[in-house]
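Take a look at the structure set out below.
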Amino acid sequence: MRIPHIINENTLLEYEPSPESLDLIGEDERKLVAEDFQWNKDHCAPLPDYCDEIYWQRRYEAKFGLVTNRKPEYWTWKILYLERHIQKILEEAQPQYKDEETFDEILDLCAPYIRRVIVSQLQCWKPPLTMDPEDIPDANGSFYKRRNIKKDIFSIEFVILTYENCIGMNDVFDDFSWNMFKLSVADCRNLGIAILELKQIKILRIHRSKLEYKHCQALMQSLVLNRTLVELDLSNCQIGDLGALCVAKVLEGHPTLKKLNLSNNYIGQIGSEGIGFSMLEHNCAQLEVLNMRLNPLKKDGAMGIMRALVRCSIPEELSMSGCLFDEDTPIKVCQMIKVNGSLKKLDVSGNWFGEDGGEALVEALEENSTLEWLDVRDTDITPEQDIKIRKLLVRNRTGVYEMDEEIQSLEEEEETEEKVIAETDYNKDEEESPENA
(Lines give C-alpha, C1' and ligand atoms only; values in the text may rest on other atoms or scores of the structure.)
Protein backbone atom coordinates (compact mmCIF):
# COMPACT_ATOMS: atom_id res chain seq x y z
CA MET A 1 0.00 0.00 0.00
CA ARG A 2 1.39 3.34 -1.07
CA ILE A 3 0.94 6.20 1.34
CA PRO A 4 0.30 9.43 -0.59
CA HIS A 5 2.53 12.43 -0.02
CA ILE A 6 -0.46 14.77 -0.14
CA ILE A 7 -3.76 14.21 1.63
CA ASN A 8 -6.96 16.14 1.30
CA GLU A 9 -7.89 18.92 3.69
CA ASN A 10 -10.79 17.04 5.26
CA THR A 11 -8.50 14.22 6.37
CA LEU A 12 -6.01 16.73 7.76
CA LEU A 13 -8.71 18.49 9.75
CA GLU A 14 -10.00 15.17 11.06
CA TYR A 15 -6.63 14.07 12.41
CA GLU A 16 -5.26 17.37 13.67
CA PRO A 17 -4.54 17.58 17.45
CA SER A 18 -7.48 18.25 19.71
CA PRO A 19 -7.49 21.23 22.12
CA GLU A 20 -7.29 18.79 25.04
CA SER A 21 -4.09 17.20 23.73
CA LEU A 22 -2.51 20.61 23.20
CA ASP A 23 -3.11 21.42 26.88
CA LEU A 24 -1.08 18.46 28.09
CA ILE A 25 2.05 19.04 30.20
CA GLY A 26 5.07 19.76 28.03
CA GLU A 27 3.19 20.75 24.89
CA ASP A 28 3.80 24.48 25.41
CA GLU A 29 7.58 24.01 25.56
CA ARG A 30 7.77 21.54 22.66
CA LYS A 31 9.19 23.21 19.57
CA LEU A 32 9.28 20.16 17.32
CA VAL A 33 5.75 19.22 16.25
CA ALA A 34 5.35 16.26 13.91
CA GLU A 35 2.38 17.84 12.11
CA ASP A 36 4.37 20.95 11.21
CA PHE A 37 7.75 19.37 10.48
CA GLN A 38 8.84 18.96 6.84
CA TRP A 39 9.64 15.26 6.84
CA ASN A 40 10.24 15.09 3.08
CA LYS A 41 13.51 17.05 3.46
CA ASP A 42 16.80 15.32 4.17
CA HIS A 43 17.65 16.88 7.51
CA CYS A 44 17.36 16.15 11.24
CA ALA A 45 15.97 18.20 14.09
CA PRO A 46 18.35 20.80 15.56
CA LEU A 47 19.97 19.74 18.83
CA PRO A 48 18.37 22.47 20.99
CA ASP A 49 14.88 21.45 19.82
CA TYR A 50 15.34 17.71 20.23
CA CYS A 51 14.45 17.21 23.90
CA ASP A 52 12.82 13.79 23.92
CA GLU A 53 14.30 12.10 27.01
CA ILE A 54 13.29 8.61 25.89
CA TYR A 55 15.32 9.07 22.71
CA TRP A 56 18.44 10.24 24.60
CA GLN A 57 18.09 7.46 27.17
CA ARG A 58 17.93 4.77 24.50
CA ARG A 59 20.82 6.30 22.63
CA TYR A 60 22.96 6.49 25.78
CA GLU A 61 22.23 2.89 26.78
CA ALA A 62 22.87 1.63 23.26
CA LYS A 63 26.25 3.35 22.98
CA PHE A 64 27.63 3.49 26.53
CA GLY A 65 25.59 0.98 28.52
CA LEU A 66 25.13 1.64 32.23
CA VAL A 67 25.79 5.01 33.84
CA THR A 68 29.07 4.52 35.70
CA ASN A 69 29.55 8.06 37.03
CA ARG A 70 27.52 9.84 39.67
CA LYS A 71 24.66 11.80 38.17
CA PRO A 72 24.77 15.54 38.90
CA GLU A 73 21.81 17.40 40.35
CA TYR A 74 20.97 19.00 37.00
CA TRP A 75 21.13 15.76 35.03
CA THR A 76 19.00 14.79 32.06
CA TRP A 77 19.61 11.98 29.60
CA LYS A 78 20.46 14.54 26.96
CA ILE A 79 23.14 16.11 29.17
CA LEU A 80 24.53 12.72 30.21
CA TYR A 81 24.84 11.60 26.60
CA LEU A 82 26.51 14.79 25.37
CA GLU A 83 28.95 14.86 28.30
CA ARG A 84 29.93 11.25 27.63
CA HIS A 85 30.18 11.97 23.91
CA ILE A 86 32.60 14.85 24.51
CA GLN A 87 34.55 12.68 26.93
CA LYS A 88 35.00 10.05 24.24
CA ILE A 89 36.14 12.66 21.73
CA LEU A 90 38.77 14.02 24.11
CA GLU A 91 40.02 10.59 25.17
CA GLU A 92 40.36 9.28 21.62
CA ALA A 93 41.71 12.44 19.98
CA GLN A 94 45.11 12.01 18.36
CA PRO A 95 47.35 15.03 19.10
CA GLN A 96 49.46 14.52 15.97
CA TYR A 97 46.50 15.18 13.67
CA LYS A 98 45.36 18.78 13.26
CA ASP A 99 41.61 18.37 12.98
CA GLU A 100 40.54 21.26 15.19
CA GLU A 101 37.95 22.48 12.68
CA THR A 102 35.93 19.28 12.98
CA PHE A 103 36.16 19.45 16.76
CA ASP A 104 35.08 23.08 16.79
CA GLU A 105 31.86 22.29 14.93
CA ILE A 106 30.93 19.57 17.42
CA LEU A 107 31.93 21.57 20.47
CA ASP A 108 30.09 24.71 19.40
CA LEU A 109 26.93 22.62 19.12
CA CYS A 110 27.36 20.80 22.46
CA ALA A 111 28.90 23.60 24.54
CA PRO A 112 25.65 24.90 26.12
CA TYR A 113 24.96 21.45 27.61
CA ILE A 114 28.45 20.59 28.92
CA ARG A 115 29.04 21.41 32.56
CA ARG A 116 31.23 18.48 33.55
CA VAL A 117 34.00 16.55 31.83
CA ILE A 118 35.50 13.35 33.22
CA VAL A 119 38.72 12.41 31.45
CA SER A 120 40.31 9.08 32.33
CA GLN A 121 42.98 9.06 29.62
CA LEU A 122 44.50 11.23 26.91
CA GLN A 123 46.27 9.95 23.84
CA CYS A 124 50.02 10.29 23.60
CA TRP A 125 51.62 12.23 20.76
CA LYS A 126 52.99 9.81 18.18
CA PRO A 127 55.78 10.83 15.78
CA PRO A 128 55.21 10.36 12.04
CA LEU A 129 56.43 7.10 10.57
CA THR A 130 58.64 9.02 8.17
CA MET A 131 60.49 10.84 10.98
CA ASP A 132 63.99 9.58 11.73
CA PRO A 133 64.57 8.28 15.28
CA GLU A 134 67.21 10.94 15.97
CA ASP A 135 64.73 13.69 15.05
CA ILE A 136 62.09 12.57 17.55
CA PRO A 137 62.07 15.02 20.51
CA ASP A 138 62.72 13.67 23.99
CA ALA A 139 59.48 15.13 25.39
CA ASN A 140 57.28 13.29 22.95
CA GLY A 141 55.12 11.80 25.70
CA SER A 142 52.97 14.88 26.05
CA PHE A 143 49.27 14.14 26.24
CA TYR A 144 47.62 17.50 26.52
CA LYS A 145 47.68 19.29 23.15
CA ARG A 146 44.16 20.68 22.82
CA ARG A 147 43.99 23.68 25.08
CA ASN A 148 41.75 25.59 22.66
CA ILE A 149 39.17 22.77 22.64
CA LYS A 150 38.59 23.02 26.37
CA LYS A 151 38.30 26.77 26.02
CA ASP A 152 35.53 26.27 23.46
CA ILE A 153 33.67 23.86 25.74
CA PHE A 154 33.73 25.88 28.90
CA SER A 155 33.46 29.47 27.72
CA ILE A 156 29.67 29.50 28.28
CA GLU A 157 28.45 27.22 31.07
CA PHE A 158 29.29 26.47 34.67
CA VAL A 159 31.99 23.80 34.89
CA ILE A 160 32.71 20.79 37.05
CA LEU A 161 35.97 19.35 35.74
CA THR A 162 37.11 15.96 36.96
CA TYR A 163 40.47 15.16 35.44
CA GLU A 164 41.81 11.70 36.30
CA ASN A 165 45.12 11.45 34.52
CA CYS A 166 45.86 7.96 33.45
CA ILE A 167 47.17 5.18 35.59
CA GLY A 168 47.49 3.62 32.17
CA MET A 169 45.88 3.63 28.78
CA ASN A 170 42.91 1.52 27.73
CA ASP A 171 42.61 -0.63 24.62
CA VAL A 172 46.09 0.10 23.24
CA PHE A 173 46.69 -3.38 21.74
CA ASP A 174 49.77 -3.30 19.48
CA ASP A 175 50.37 0.42 20.00
CA PHE A 176 51.73 -0.12 23.52
CA SER A 177 54.48 2.27 24.59
CA TRP A 178 55.94 3.23 27.98
CA ASN A 179 55.29 6.88 27.12
CA MET A 180 51.59 6.16 27.59
CA PHE A 181 52.18 5.85 31.33
CA LYS A 182 54.13 9.09 31.70
CA LEU A 183 52.94 12.53 32.70
CA SER A 184 55.13 15.38 31.51
CA VAL A 185 55.55 18.82 33.03
CA ALA A 186 54.32 20.29 29.74
CA ASP A 187 51.03 18.41 30.19
CA CYS A 188 50.45 20.09 33.56
CA ARG A 189 51.51 23.48 32.24
CA ASN A 190 49.09 23.24 29.32
CA LEU A 191 46.35 22.00 31.62
CA GLY A 192 46.93 24.95 33.95
CA ILE A 193 46.69 27.42 31.07
CA ALA A 194 43.46 25.78 29.91
CA ILE A 195 41.97 25.92 33.41
CA LEU A 196 42.89 29.59 33.66
CA GLU A 197 40.74 30.23 30.58
CA LEU A 198 37.73 28.53 32.17
CA LYS A 199 36.03 31.47 33.80
CA GLN A 200 33.42 29.43 35.68
CA ILE A 201 35.32 26.33 36.81
CA LYS A 202 34.54 25.35 40.39
CA ILE A 203 35.91 21.84 40.93
CA LEU A 204 39.25 20.43 39.80
CA ARG A 205 40.22 16.87 40.65
CA ILE A 206 43.55 15.38 39.63
CA HIS A 207 43.88 12.16 41.57
CA ARG A 208 45.42 8.71 41.19
CA SER A 209 48.10 10.30 39.06
CA LYS A 210 51.88 10.43 39.00
CA LEU A 211 51.74 14.10 39.84
CA GLU A 212 55.07 15.02 41.45
CA TYR A 213 56.61 18.28 42.66
CA LYS A 214 57.56 19.64 39.22
CA HIS A 215 54.14 18.83 37.78
CA CYS A 216 52.40 20.43 40.75
CA GLN A 217 54.56 23.53 40.45
CA ALA A 218 53.68 23.95 36.76
CA LEU A 219 49.97 23.54 37.52
CA MET A 220 49.93 25.91 40.51
CA GLN A 221 51.58 28.69 38.49
CA SER A 222 48.27 29.06 36.68
CA LEU A 223 45.98 28.32 39.62
CA VAL A 224 47.50 31.24 41.52
CA LEU A 225 45.63 33.51 39.10
CA ASN A 226 42.34 31.60 39.30
CA ARG A 227 39.46 33.26 41.18
CA THR A 228 36.57 30.79 40.82
CA LEU A 229 37.81 27.42 42.13
CA VAL A 230 35.84 26.04 45.09
CA GLU A 231 37.30 22.53 45.42
CA LEU A 232 40.84 21.33 44.68
CA ASP A 233 41.46 17.58 44.91
CA LEU A 234 45.02 16.28 44.46
CA SER A 235 44.54 13.07 46.41
CA ASN A 236 46.61 9.93 45.85
CA CYS A 237 49.40 11.71 43.99
CA GLN A 238 53.09 12.21 44.81
CA ILE A 239 53.51 15.97 45.28
CA GLY A 240 55.50 15.66 48.54
CA ASP A 241 56.57 18.57 50.75
CA LEU A 242 57.64 20.87 47.93
CA GLY A 243 54.38 20.33 46.08
CA ALA A 244 52.47 21.11 49.28
CA LEU A 245 54.34 24.42 49.52
CA CYS A 246 53.15 25.26 45.99
CA VAL A 247 49.57 24.49 47.04
CA ALA A 248 50.06 26.66 50.14
CA LYS A 249 50.97 29.57 47.87
CA VAL A 250 47.65 29.18 46.04
CA LEU A 251 45.89 28.95 49.38
CA GLU A 252 47.23 32.30 50.57
CA GLY A 253 45.35 34.63 48.26
CA HIS A 254 42.49 32.55 46.83
CA PRO A 255 39.09 34.17 47.42
CA THR A 256 36.73 31.21 46.85
CA LEU A 257 38.54 27.96 47.71
CA LYS A 258 36.53 25.95 50.28
CA LYS A 259 37.74 22.34 50.03
CA LEU A 260 41.33 21.10 49.79
CA ASN A 261 42.12 17.39 49.54
CA LEU A 262 45.80 16.42 49.80
CA SER A 263 45.41 12.89 51.14
CA ASN A 264 48.10 10.29 50.46
CA ASN A 265 50.70 12.64 48.97
CA TYR A 266 53.86 11.90 51.01
CA ILE A 267 53.56 15.23 52.82
CA GLY A 268 55.66 15.59 55.98
CA GLN A 269 56.79 18.33 58.32
CA ILE A 270 57.84 20.99 55.78
CA GLY A 271 54.70 20.72 53.65
CA SER A 272 52.29 20.76 56.60
CA GLU A 273 54.08 23.73 58.17
CA GLY A 274 53.73 25.61 54.88
CA ILE A 275 49.99 24.92 54.76
CA GLY A 276 49.66 25.93 58.41
CA PHE A 277 51.52 29.18 57.75
CA SER A 278 49.18 29.98 54.85
CA MET A 279 46.15 29.39 57.07
CA LEU A 280 47.40 32.12 59.41
CA GLU A 281 47.62 34.74 56.66
CA HIS A 282 44.93 37.43 56.76
CA ASN A 283 44.06 36.92 53.07
CA CYS A 284 43.98 33.11 53.22
CA ALA A 285 41.14 31.22 51.57
CA GLN A 286 38.24 30.52 53.93
CA LEU A 287 38.68 26.75 53.96
CA GLU A 288 35.83 24.62 55.21
CA VAL A 289 37.36 21.18 54.59
CA LEU A 290 41.04 20.17 54.82
CA ASN A 291 41.96 16.54 54.17
CA MET A 292 45.51 15.47 55.13
CA ARG A 293 44.86 11.78 55.75
CA LEU A 294 47.41 9.05 54.94
CA ASN A 295 50.32 11.50 54.92
CA PRO A 296 53.36 10.69 57.13
CA LEU A 297 52.95 13.84 59.24
CA LYS A 298 54.14 12.29 62.51
CA LYS A 299 54.58 14.67 65.44
CA ASP A 300 56.29 17.60 63.71
CA GLY A 301 53.96 17.59 60.72
CA ALA A 302 50.83 17.42 62.88
CA MET A 303 52.15 20.29 64.99
CA GLY A 304 52.50 22.41 61.84
CA ILE A 305 48.73 22.13 61.29
CA MET A 306 47.71 22.36 64.95
CA ARG A 307 49.70 25.53 65.61
CA ALA A 308 47.49 27.20 63.02
CA LEU A 309 44.29 25.67 64.43
CA VAL A 310 44.77 27.34 67.82
CA ARG A 311 45.16 30.76 66.20
CA CYS A 312 42.73 30.83 63.25
CA SER A 313 39.05 30.10 62.63
CA ILE A 314 39.45 27.70 59.68
CA PRO A 315 38.69 24.95 58.72
CA GLU A 316 35.44 23.42 60.00
CA GLU A 317 36.38 19.86 59.00
CA LEU A 318 39.85 18.30 59.31
CA SER A 319 41.06 14.78 58.60
CA MET A 320 44.41 13.51 59.92
CA SER A 321 43.60 9.82 59.70
CA GLY A 322 46.53 7.43 59.49
CA CYS A 323 49.19 10.12 59.88
CA LEU A 324 51.58 8.07 62.08
CA PHE A 325 51.09 9.90 65.37
CA ASP A 326 53.84 9.09 67.86
CA GLU A 327 55.20 10.14 71.25
CA ASP A 328 53.04 12.88 72.78
CA THR A 329 51.20 13.82 69.57
CA PRO A 330 47.81 12.64 70.98
CA ILE A 331 48.29 14.95 73.98
CA LYS A 332 49.00 17.86 71.63
CA VAL A 333 45.83 17.06 69.68
CA CYS A 334 43.81 17.15 72.89
CA GLN A 335 45.35 20.48 73.88
CA MET A 336 44.36 21.87 70.48
CA ILE A 337 40.77 20.63 70.93
CA LYS A 338 40.52 22.50 74.24
CA VAL A 339 41.26 25.91 72.72
CA ASN A 340 39.91 25.50 69.17
CA GLY A 341 36.48 26.98 68.54
CA SER A 342 35.97 26.38 64.81
CA LEU A 343 36.31 22.62 64.21
CA LYS A 344 33.05 20.71 63.86
CA LYS A 345 34.42 17.46 62.42
CA LEU A 346 37.76 15.86 63.25
CA ASP A 347 39.10 12.52 62.03
CA VAL A 348 42.08 11.06 63.92
CA SER A 349 41.31 7.39 63.23
CA GLY A 350 44.16 5.00 62.55
CA ASN A 351 46.52 6.82 64.95
CA TRP A 352 47.74 5.51 68.29
CA PHE A 353 46.21 7.23 71.32
CA GLY A 354 46.08 4.54 73.96
CA GLU A 355 44.40 4.79 77.35
CA ASP A 356 46.21 7.98 78.35
CA GLY A 357 45.32 9.65 75.06
CA GLY A 358 41.70 8.56 75.43
CA GLU A 359 41.51 10.10 78.89
CA ALA A 360 42.98 13.32 77.53
CA LEU A 361 40.35 13.31 74.75
CA VAL A 362 37.55 13.02 77.29
CA GLU A 363 38.96 15.93 79.31
CA ALA A 364 39.36 18.04 76.15
CA LEU A 365 35.79 17.40 74.99
CA GLU A 366 34.44 18.38 78.40
CA GLU A 367 35.81 21.88 77.73
CA ASN A 368 35.01 21.99 73.99
CA SER A 369 31.42 22.77 72.96
CA THR A 370 31.82 23.12 69.16
CA LEU A 371 33.22 19.74 68.03
CA GLU A 372 30.25 17.64 66.85
CA TRP A 373 31.91 14.64 65.17
CA LEU A 374 35.09 12.86 66.19
CA ASP A 375 36.34 9.66 64.54
CA VAL A 376 38.45 7.65 67.00
CA ARG A 377 38.38 4.23 65.34
CA ASP A 378 41.54 2.12 65.71
CA THR A 379 43.08 4.46 68.28
CA ASP A 380 43.33 1.86 71.10
CA ILE A 381 41.21 3.82 73.54
CA THR A 382 39.10 1.89 76.05
CA PRO A 383 35.38 1.15 75.44
CA GLU A 384 34.46 3.25 78.48
CA GLN A 385 36.31 6.23 77.06
CA ASP A 386 34.61 5.70 73.69
CA ILE A 387 31.19 5.81 75.38
CA LYS A 388 32.05 9.02 77.22
CA ILE A 389 33.31 10.63 74.01
CA ARG A 390 30.08 9.76 72.19
CA LYS A 391 28.00 11.27 74.98
CA LEU A 392 29.99 14.50 74.87
CA LEU A 393 29.63 14.70 71.08
CA VAL A 394 25.87 14.22 71.39
CA ARG A 395 25.86 17.02 73.94
CA ASN A 396 27.65 19.32 71.49
CA ARG A 397 25.23 18.45 68.67
CA THR A 398 21.99 18.64 70.61
CA GLY A 399 22.83 20.57 73.75
CA VAL A 400 21.64 17.62 75.88
CA TYR A 401 23.95 15.26 77.75
CA GLU A 402 22.49 11.79 77.20
CA MET A 403 23.14 9.20 79.87
CA ASP A 404 23.63 5.54 79.22
CA GLU A 405 20.55 3.43 80.04
CA GLU A 406 22.47 1.07 82.30
CA ILE A 407 24.07 3.89 84.27
CA GLN A 408 20.73 5.64 84.55
CA SER A 409 19.01 2.47 85.81
CA LEU A 410 21.78 1.93 88.38
CA GLU A 411 21.34 5.46 89.66
CA GLU A 412 17.57 4.94 89.92
CA GLU A 413 18.15 1.73 91.90
CA GLU A 414 20.54 3.54 94.21
CA GLU A 415 17.99 6.30 94.78
CA THR A 416 15.30 3.68 95.55
CA GLU A 417 17.60 1.90 98.02
CA GLU A 418 18.38 5.19 99.76
CA LYS A 419 14.66 5.94 100.12
CA VAL A 420 13.98 2.45 101.55
CA ILE A 421 16.85 2.79 104.02
CA ALA A 422 15.68 6.26 105.06
CA GLU A 423 12.10 5.03 105.62
CA THR A 424 13.36 2.01 107.61
CA ASP A 425 15.50 4.22 109.85
CA TYR A 426 12.54 6.56 110.41
CA ASN A 427 10.25 3.67 111.43
CA LYS A 428 12.87 2.33 113.85
CA ASP A 429 13.20 5.75 115.46
CA GLU A 430 9.43 5.90 115.95
CA GLU A 431 9.31 2.43 117.54
CA GLU A 432 12.17 3.24 119.92
CA SER A 433 10.74 6.62 121.00
CA PRO A 434 9.68 7.01 124.77
CA GLU A 435 6.08 7.82 123.83
CA ASN A 436 5.60 4.43 122.18
CA ALA A 437 7.28 2.75 125.12
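The values are calculated or read from the model by the stated rules, or taken from the named source; none is laboratory data. This is a predicted model, so every value here is computed, not measured. No Cβ is skipped: glycine too gets one built from the backbone with ideal geometry, and neighbour counts run over all protein chains shown.
Things to note:
- Residue match in the stretch 285-307 (condition: more than 25 Å from V348 (Cα to Cα) and assigned by TED's automatic domain parsing to the domain that holds V185): no
- Qualifying residue in the stretch 213-236 (condition: touching a Gly at 6+ places or on another chain (Cβ under 7 Å) and either not in a helix (DSSP H, G or I) or not assigned by TED's automatic domain parsing to the domain that holds L257 (or both)): no
- Residue in the stretch 76-97 that is surrounded by 11 or more Cβ atoms within 10 Å (Cβ to Cβ), at pLDDT 75 or above, hydroxyl-bearing (S, T, Y) and assigned to a loop (DSSP other than H, G, I, E, B) present: yes
- Pairs meeting the criteria (first residue in the stretch 101-119 and over 24 Å from T68 (Cβ atoms), second residue at pLDDT 80 or above, beta carbons under 8 Å, at least 6 apart or on different chains) are F103/I89.
- Test for R311: is it over 21 Å from W352 (Cα atoms) and not acidic (D, E): yes
- Restricted to the stretch 269-378, the set of helices (runs of 4 or more DSSP H) holding at least 1 residues that are at positive phi comprises 298-309, 354-367.
- Verdict on I203 being buried (at least 22 other Cβ atoms within 10 Å of the Cβ) and either over 30 Å from K298 (Cβ atoms) or at pLDDT 95 or above (or both): no
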